[in-house]
Amino acid sequence: MQYNPPMLALPLTGAVAAALAGGYQSMAPTAQWYGQTFTGLPRGSRQIALTYDDGPNDPHTLRLLEVLARHSVHATFFLIGRHVLQCPAFAREILQAGHVVGNHTFSHPLLIFKSEREIKEQLSTCRTALQDAIGKHSNLFRPPFGGRRPAVLRAARDLGFTPVMWNVTGYDWNAPPAAVIERKVSKQVRGGDVILLHDGGHSQLGADRSQTVIATDHLIARYKSEGYGFVTIPQMMQEDSREGHGFKSLP
């Protein structure tokens, strides 16, 4: 029997392409294959939402709060439950300053490799830590590393969470200079953006986020001077609901 490599290669190529596409959709922040997540307003909006992951973190969370207060800007913080247990006073400072607090799981695992039971445990345990530290908070949830698959989003919504991603990132997790963070953000901002930055590190407390604090100061000054307003994620969602673009309200 004659061997025909091209005929066998076609389905293999298709399978590889599908696997690559599926992997991309599970990690790309604006991808929507596996379920709806909030990633901002349509391009051209004059609103920007600053979001910070992996806190609370001593001392940089408090320094960031000082910068935000100086500019009269409120942001959205996605906190890790185990960090909240270690720094409950910092979590209270965030809420008392008028910022929004969301769930970033208890220990920051990549959820696409976890069972639905484990996913729910991560979310529930983080929620308990937040409730014990600060009481009532938002139902916003951001998956660690942005990783999600249908089971992740299903578990989140079963527990009443609204998944929030981003469409602009400062790539600040490895603590580059503030100017680098600013440059990376400015290349992506088009209006209606959800900007991802970090006030902590997912592995342990004490991550150096001094450059993110400086970059935040400069970014707010720059975009305010250009006529942009800074809002929290719930405020941006309310605007999205009024304009009829998808998200109607928080659970």
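The values are calculated or read from the model by the stated rules, or taken from the named source; none is laboratory data. What you are looking at is a predicted structure, and each value in this text was computed from that prediction instead of being measured. For neighbour counting, all protein chains shown are included, and Cβ atoms are generated from backbone atoms with ideal geometry for every residue, glycine included. The protein model used for the area step is the full one, side chains on, heavy atoms only, and it has no ligands, DNA or RNA in it. Shrake-Rupley method; radii C 1.70, N 1.55, O 1.52, S 1.80 Å.
Show the residues, 5+ positions off or on another chain, whose built amide H is closer than 5 Å to the amide H of L140.
Those lying under 5 Å, H to H, from L140 are N103, T162.
Find the accessible area per residue for the chain; the probe is 1.4 Å, ligands and nucleic acids are left out, and the unit is Å².
Here the per-residue accessible area is 46 Å².
Add +1 for every Lys or Arg and -1 for every Asp or Glu among the other residues with Cβ under 12 Å from the Cβ of E182, and state the total.
Charge balance near E182 sits at +2.
Based on the Cα atoms of region 138-239, what semi-axes does the equivalent ellipsoid have, where each is the square root of 5 times one gyration tensor eigenvalue, given in whole Å with the largest first?
Listed largest to smallest, the semi-axes of region 138-239 are 25, 19, 11 Å.
Quick one: which of 123-132, 162-171, 45-54 comes out on top by average Cβ neighbours within 10 Å, and what's the full order, highest first?
Taking the mean over residues of other Cβ atoms within 10 Å, the ranking is 45-54, 162-171, 123-132.
Can you list the residues, at least 5 places off or on another chain, whose amide H is less than 5 Å from the amide H of V231, using H built in the peptide plane?
The answer is I48, A49, L50.
If you roll a 1.4 angstrom probe over the protein chains with everything in place, what fraction of the accessible area of the chain belongs to carbon and sulfur, to the nearest %?
It is 55 percent, rounded to a whole number.
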